[in-house]
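Below is one structure, written out as structure tokens; the observations come after it.
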Amino acid sequence: MKELKPKLFSVMKDYTKEQFVKDVISGIIVAIIALPLSIALAIASGVSPEQGLYTAIFAGFFISLLGGSRVQIGGPTAAFVVIVYGIVSDYGVDGLITATIMAGIIMIIFGLLRFGSLIKYIPYTITVGFTLGIAVGIFVGQWKDFLGLSMGSVPSQFIAKLQAYAAAITTIHVPTLLIGLFALLIQIVWPKVTDKIPGSLVAILVTTLLVQLLHMDVSTVGTLRGGGTNYVINSAFPTFSLPNISFGLVQKLISPAFTIAILASIESLLSCVVSDGMIGSKHKSNAELIGQGVGNIASGLFGGIPATGAIARTAANVKNGGRTPIAGMVHSLTLLGILLVLMPYAAMIPMSALAAVLIMVAYNMSGWREFVKLLKKAPKSDNIVMLLTFFLTVFFDLVVAIEIGMVVAALLFLRRMSEVTHIEGWKYIDDETENDNDPEHIKLKVVPKDTLVYEISGPMFFAAADAFMDIAPTKDTKKVILRMRSVPAIDVSAMHSLVAVYEQCKKKGITLVFSHVQEQPYHAMEKAGLIEKVGKEHFCKNIDAALLHVQEF
């Protein structure tokens, strides 16, 4: 149970007033960074701006309170924009909240089942592929607001988006485009001035003041969401409510919910690993999954959207002195204060400025340099998986991309493993590199004339099972030795083939002898009853013992 214990309880033993001050300052700074991003990500996801803040407040608080990292900052991230927009388009806000709560439950189960370490088995190529695919989806999704196009709602499908933009391209609104470009320019230049205040916040403040002072005719958060009238953002404390859940809706949303859970798990644990390196700490992966799960459930129950650990905000927390979960909790409470006091002013933010913020987010998260690097240097099979995941994410959706990407990656991996599994017959091997003191040393081993020795190398599993049928005794053969020191594991399919080899030998009156069977294959043979059939006496600890054994009968 120790690995499920929240990190907060571990770090409070040596907590000091000095660290508390640092955590509070860091939490306030991170809240300022999270404010524009939470609003922008919510709008890009097809929900109201305040729902982005609800997510950062409730999910962020519980992720810090119950998570397994000292410095993790939770909240809405760009990784979910495409999938959330699709869920809202197909199932409405109730469907999104249901999927968010379901994803939270799934993540808690992941943590309780100790799946934290299994997330590392998601191939890196899949992560790189869908990350760039998501970035492309976010970038293209901002064209309407960035260009000020006069058109209806943006379709969720990529091709339909492009077609809708093409039909409305003549309606570009120049003032809106200029505000968007100015916001983009500020974000590019501002980091060269200082990194203490986020460029996104500066861009939003400057463009909002510019639009209001010059009375520019551009769409703002208030006019867009109010359908052209003045829209007042809800600044009341979020209310607890349950979505309208039905069994049919749960069935439809199980696949998207799993995708959200897996994506949130990957991103949050990746953020933990990055922050561990920054502060020299070690996170608890299973506790983190439980904290993330509770955070997502809380977010859904208070009207928020899916959340995960945000790498950029977590890094900012570390840089500003945050070293305990208190900083993440202060970040959430600060955002709550902003929501209750300042949110009505958010209706004045130009939509093109928010679009510019998300274009920068898309660029920064895309990892395009790593994508190009892998295309040049990675094996062809890995590139197939990466490109397939990328194109499926862009042209279909993330659910399909991860499912098919994992299947193809697994099949290609099995093919590679089957290629390294082989069986070789020998009489002696003259290998000067082997140590003469090694009991497995086979230099000039004498093999009796009526005996065949086969050396099996690599894992024995279903993809390589047919290779074992290459064991073909001649008519003069009376004994067969299977040397298995290089076999780390065996599965049921390979075991079936091995039993078939035994039956074939038995039928021909040939004695089967095993040399150096490792622990897992030995237990598997014991379970399958093969050891009893062959006889324990025919299992030898090394090749010398096996060769002496066959000379005794």
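The values are calculated or read from the model by the stated rules, or taken from the named source; none is laboratory data. Because the structure is predicted, anything quoted here is derived from the model rather than measured. Cβ placement follows ideal geometry from the backbone for every residue including glycine, while neighbour counts extend to all protein chains displayed.
A few notes on this one:
- Of all residues making up the stretch 89-109, the number that are charged (D, E, K, R) and surrounded by 24 or more Cβ atoms within 10 Å (Cβ to Cβ): 0
- When Val47 is tested against (1) over 17 Å from Ala347 (Cβ atoms); (2) surrounded by fewer than 24 Cβ atoms within 10 Å (Cβ to Cβ), exactly one condition is not met: (1).
- Residue check for Ala463: among the small types (Gly, Ala, Ser), modelled with pLDDT under 85, in contact with a strand residue (DSSP E or B) (Cβ under 9 Å, 6 or more places away or on another chain) and surrounded by 15 or more Cβ atoms within 10 Å (Cβ to Cβ): no
- Test: residue in the stretch 384-406 that is over 19 Å from Leu263 (Cα atoms) and assigned by TED's automatic domain parsing to the domain that holds Asp90: yes
- Among (1) surrounded by 15 or more Cβ atoms within 10 Å (Cβ to Cβ); (2) assigned to a loop (DSSP other than H, G, I, E, B) - the single one Val211 does not satisfy: (2)
- Single residue of Ala356, Ala347 found to be among the small types (Gly, Ala, Ser), crowded, with 20+ Cβ neighbours inside 10 Å and either part of a helix (DSSP H, G or I) or not assigned by TED's automatic domain parsing to the domain that holds Thr259 (or both): Ala356
- Filtering the stretch 110-125 to residues that are crowded, with 24+ Cβ neighbours inside 10 Å and closer than 19 Å to Ser366 by Cβ leaves only Thr125.
- In the stretch 530-549, the residues that are in contact (Cβ under 8 Å) with a residue 40 or more places away in the chain form Cβ pairs under 7 Å with partners that are surrounded by fewer than 16 Cβ atoms within 10 Å (Cβ to Cβ), at six or more places apart or across chains, as follows: Asn542/Pro439; Asn542/Glu440; Ile543/Glu440; Ile543/Lys445; Asp544/Pro439; Leu547/Lys445.
- Test result for Ala315, in a helix (DSSP H, G or I), closer than 14 Å to Pro36 by Cα and of a type outside the set (Val, Ile, Thr): no
- Taking the stretch 487-501 as the range and being at pLDDT below 90 and under 18 Å from Val453 (Cβ atoms) as the test, the residues that pass are Leu498, Val501.
- Identity of the residue in the stretch 384-404, at pLDDT 90 or above and in contact with a Phe, Trp or Tyr (Cβ under 8 Å, 6 or more places away or on another chain), that ends up farthest from Leu374 (Cα to Cα): Phe395
- Some residue of the stretch 104-114 being at pLDDT below 95, in contact with a Gly (Cβ under 9 Å, 6 or more places away or on another chain) and not in a helix (DSSP H, G or I): no
- Any hit, the stretch 159-173, residues being closer than 30 Å to Met406 by Cβ, exposed (fewer than 15 other Cβ atoms within 10 Å of the Cβ), touching a residue at least 60 places away in the same chain (Cβ under 8 Å) and of a type outside the set (Gly, Ala, Ser): yes
- Number of the exception - Ser69 against (1) part of a helix (DSSP H, G or I); (2) in contact with a Gly (Cβ under 8 Å, 6 or more places away or on another chain): (1)
- Test: Ser156 is surrounded by 18 or more Cβ atoms within 10 Å (Cβ to Cβ), at pLDDT below 90 and assigned to a loop (DSSP other than H, G, I, E, B): yes
- Checked against (1) part of a helix (DSSP H, G or I); (2) crowded, with 24+ Cβ neighbours inside 10 Å; (3) not acidic (Asp, Glu), Leu8 meets all criteria but (2).
- Qualifying residue in the stretch 163-177 (condition: within 34 Å of the chain's Cα centre (by Cα) and either β-branched (Val, Ile, Thr) or closer than 14 Å to Leu354 by Cβ (or both)): no
- Of residues in the stretch 230-248 being hydrophobic (A, V, I, L, M, F, W, C) and surrounded by fewer than 17 Cβ atoms within 10 Å (Cβ to Cβ), the one modelled with the lowest pLDDT: Val232
Residue-wise test of (1) surrounded by fewer than 19 Cβ atoms within 10 Å (Cβ to Cβ); (2) modelled with pLDDT of 85 or more.
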site: Val446; (1), (2): yes, no
site: His516; (1), (2): no, yes
site: Gln520; (1), (2): yes, yes
site: Glu526; (1), (2): yes, yes
site: Val534; (1), (2): no, yes
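- Selected residue (only one of Gly60, Gly86 is surrounded by 24 or more Cβ atoms within 10 Å (Cβ to Cβ), in a helix (DSSP H, G or I) and in contact (Cβ under 8 Å) with a residue 60 or more places away in the chain): Gly60
- Failed item, numbered, when Gly46 is tested on (1) in a helix (DSSP H, G or I); (2) more than 25 Å from Asp23 (Cα to Cα); (3) not basic (Lys, Arg): (1)
- Boolean, Lys479 is touching a Ser or Thr at 6+ places or on another chain (Cβ under 8 Å), at pLDDT 70 or above, within 13 Å of Leu547 (Cβ to Cβ) and not β-branched (Val, Ile, Thr): yes
- Scanning the stretch 17-36 turns up at least one residue that is among the acidic types (Asp, Glu), touching a residue at least 24 places away in the same chain (Cβ under 8 Å) and surrounded by 23 or more Cβ atoms within 10 Å (Cβ to Cβ).
- Test: Ala307 is under 23 Å from Ala135 (Cβ atoms) and modelled with pLDDT of 95 or more: yes
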